[in-house]
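Asker: I'd like to ask you about the structure that follows.
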Amino acid sequence: MSTSHVLVVDDEADIRVLIDEILSEEGYQVTVAGNAVEARAARSASKFDLVLLDIWMPDTDGISLLREWSEPGDLSCPVVMMSGHGTVDTAVEATRLGAFDFVEKPLSLAKLLHTVERAIDASKKPAGPGGRGMLPSLLSPVGRSPLIKGLREKVQEYAQSNSPVMFTGEPGTGRSAFARYIHNISARADAPMVTLVSAALTNSNAEERLLGSEEGGNVHSGYFERAKNGTLIIDELTDLCDQAQKLILSVMGQREFVRSRGHQPIKMQARVITTASAVLEAAADKGAVRRDLVSSLNTLTVRVPPLREYAEDVPELLNYYVDKLVDSESLPFRRFSVAAQNRLRNYPWPDNVRELKQLVRRLLMSSSDEEISLQEVEVEISRTAIVDDPLVKQDLLSLPLREAREQFERSYLRQQLALCDGKVGKLAQRVGMERTHLYRKLRSLGVDFRSVGRSDKG
């Protein structure tokens, strides 16, 4: 039983009584206050492990009270705000003042208890460098497995460098999230972070988009210039066109560039971080990616593992995305049953963390029950699972080699395409084929990528 002491501040008597009863049944010691005056008196008289603070109160509002308590620089305990009609502005202000989290009214009891547990648990952990220990780290990669701990330590080490970093791995593993994370914990965090989607560049527009342009006194800044002394993230290196590869290699070598139709050289000050698929080596072997470009960008390399390699972190990831989606998309809070969590620990996750997030979103929206059951998970998995292709049920040994190979390839590519949401570019990365060759292969096998059912894009 918990012995933590919780202060509940709310002007609605019914809410105070409800929260008091719930928390008391869970073993917490509870003190209630109906307004700011009573709350101040309670804090002066006792030490609390958590404060549940309503935003809208008749005398002094919760934000003002939070500001008052935070001004000395130490809230002494985590504060969770409660509101039935909060706004983005109030959320930002409360977070700036040190609030740990929000719970919305009408209260979900499961969400309330989960938040209380999480806040008190976080308050017991020592504060990290330059920060309050009670504040949740929304940027830090989630997971307690040795694999993720080691990965997190490596990324934190690399954040102190100015050398180029390359994140490699399968689609959906969170390579871009790691790239943003390394910027946010670096000395460049206050400088711009610009993301270049490689597939958006063509041989005809690459120069102007990367380097910028000048014409008639009008200046257009390119990606390198917009990044200034911050970070330029090049997303999916293998999607870069030939001209873009040539230009980036030149800028990385000379550390300066000239705008299209310009004359004055501009110093390149940004740190470059790239993401690349697991088939990068194969792409380099085929000449789709320049090896000298890869060498200039992979001074520091980080492999982001697929989710199946750290399955022990799946329960924590499930809870993380529940909280994240409840807060960011106002979805109803639901809790995964132990059986459901165990099932998902043993699921192969072919589309990695991205697939997990999509699954959580669908499950939060699928029912009003507070607990997500094993049966619900099985149904959802079956909906997104690859549909059995009758081709794979045939006795391929009874067929001539050529026909058997074609039928296998057809089935294989259809199933892989389903996992890639019908996106041929993503499929090319997944199967290690150059995109033009892949289109030809799909046409020769009669696979229409436009007709393949697509999963939730969330």
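Asker: Considering only segment 5-123, what is the antiparallel percent among its DSSP beta bridges, to the nearest 5?
Answerer: 0
Asker: Which entries in the list LYS111/LYS324; LYS47/LYS105; LYS154/LYS357 go over 18 Å, if you measure between the two C-alpha atoms of each?
Answerer: Values: LYS111/LYS324 12 Å; LYS47/LYS105 26 Å; LYS154/LYS357 25 Å.
Pairs exceeding 18 Å: LYS47/LYS105; LYS154/LYS357.
Asker: Which shape class applies to segment 5-123: rounded if a/c is under 1.5, otherwise prolate when a/b exceeds b/c and oblate if not, where a ≥ b ≥ c are the square roots of the Cα gyration tensor eigenvalues?
Answerer: Numbers: a/c = 1.23, a/b = 1.15, b/c = 1.07.
Rounded is the answer for segment 5-123, as its axis ratio a/c remains below 1.5.
Asker: Further, regarding this structure: For a quick protection proxy, order the peptides 291-303, 224-236, 111-123, 366-378 by their average other-Cβ count within 10 Å, most packed first. Don't skip to the end; give the middle numbers.
Answerer: Working: 291-303: 16.6, 224-236: 21.2, 111-123: 19.1, 366-378: 14.5.
The densest-packed peptide leads the list: 224-236, 111-123, 291-303, 366-378.
Asker: Tell me whether the chain comes out rounded, prolate or oblate; compute the Cα gyration tensor, take square roots of the eigenvalues as a ≥ b ≥ c, and use a/c under 1.5 as the rounded threshold. Let's see the in-between values first.
Answerer: Details: a/c = 2.59, a/b = 1.43, b/c = 1.81.
Verdict is oblate for the chain.
Asker: How much of the DSSP beta bridge set in the chain is antiparallel, as a percent to the nearest 5? Can you show the working numbers first?
Answerer: Values: 5 of 43 bridges.
That works out to approximately 10 percent antiparallel.
Asker: Can you pull the Kirkwood radius for segment 252-387, inverse mean 1/r over Cα pairs, to one decimal in Å?
Answerer: Kirkwood hydrodynamic radius for segment 252-387: 18.6 Å.
Asker: Here's a follow-up. For ARG443 and GLN156 in the same chain, what is the full-extension length gain: residue separation times 0.36 nm, less their Cα-Cα distance, in nm? Intermediate results must be reported in sequence, preceding the final value.
Answerer: Details: separation 287, 0.36 × 287 = 103.32 nm, distance 4.56 nm.
Value of the extension gain: 98.8 nm.
Asker: Would you mind putting 147-153, 77-83, 26-32 in packing order, based on average other-beta-carbon counts within 10 Å, highest first?
Answerer: On the way: 147-153: 14.9, 77-83: 23.1, 26-32: 16.9.
Output ranking for 147-153, 77-83, 26-32: 77-83, 26-32, 147-153.
Asker: Find which of SER4, LEU356, PRO332 sits farthest along the positive direction of the dipole of the chain, computed with +1 on the beta-carbon of Lys and Arg, -1 on that of Asp and Glu, about the Cα centre.
Answerer: Toward the positive end, the furthest listed residue is LEU356.
Asker: Please give the charge dipole size of the chain, origin at the Cα centre, charges +1 on K and R Cβ atoms and -1 on D and E Cβ atoms. Round to the nearest 20 debye. Mind showing how you got there, number by number?
Answerer: Numbers: 58 positive and 64 negative charges, 483 e Å.
Magnitude of the dipole: close to 2320 debye.
Asker: On to the next question. For each of MET166, MET365, count neighbouring Cβ atoms within 10 Å of the residue's Cβ, then give the residues from fewest to most. Please report the intermediate quantities before stating the final value.
Answerer: On the way: MET166 22, MET365 14.
Arranged by neighbour count, lowest to highest, MET166, MET365 become MET365, MET166.
Asker: Provide the net charge surrounding MET252, with neighbours chosen by a C-beta distance below 14 Å and charges set as Lys +1, Arg +1, Asp -1, Glu -1.
Answerer: Values: positive: LYS246, ARG255, LYS267, ARG271, ARG290, ARG291; negative: GLU256, ASP292.
Every neighbour counted, the sum reads +4.
Asker: Taking 0.36 nm per residue of sequence separation and subtracting the Cα-Cα distance, how much length would be gained by fully extending the chain between SER260 and ALA404, in nm to one decimal?
Answerer: Working: separation 144, 0.36 × 144 = 51.84 nm, distance 5.31 nm.
Separation in residues times 0.36 nm, less the Cα-Cα distance, equals 46.5 nm.
Asker: Could you give me the percent of Cα pairs per 10 Å distance bin for segment 133-264, shortest bin first, beginning at zero and ending with the bin that holds the maximum distance?
Answerer: For segment 133-264, the binned pair fractions read 11, 37, 32, 14, 5, 1 percent.
Asker: Moving on to the next point. Over 10 Å intervals from 0, what percent of Cα-Cα pairs in segment 308-384 sits in each interval?
Answerer: For segment 308-384, the binned pair fractions read 19, 60, 20, 0 percent.
Asker: Hey, another quick one. If the chain between ASN35 and SER145 were fully stretched, how many nm would it gain, using 0.36 nm times the residue separation less the Cα-Cα distance? Can you show the working numbers first?
Answerer: Working: separation 110, 0.36 × 110 = 39.60 nm, distance 4.41 nm.
Contour length minus the Cα-Cα distance gives 35.2 nm.
Asker: Calculate the FRET efficiency for ARG343 and SER368 from the Cβ-Cβ distance with a Förster distance of 25 Å, rounded to the nearest 0.05.
Answerer: Values: r = 21 Å, r/R0 = 0.86.
Calculated transfer efficiency: 0.70.
Asker: Further question on the same structure: Label point 7 Å out from HIS5 along Cα-to-Cβ: which residues of segment 21-35 have amide N under 12 Å?
Answerer: Residues passing the 12 Å test: 29-32.
Asker: Another question about this same structure. Can you tell me the FRET efficiency between SER250 and VAL219 if r is taken as the Cβ-Cβ distance and R0 is 30 Å, rounded to the nearest 0.05?
Answerer: Details: r = 21 Å, r/R0 = 0.68.
Between SER250 and VAL219 the formula returns 0.90.
Values in this text are rule-based calculations from the coordinates and carry no lab data. Computed from a predicted structure; not experimentally measured. Note that each Cβ is placed from the backbone with ideal geometry, even for glycine, and that neighbours are counted across all protein chains shown.
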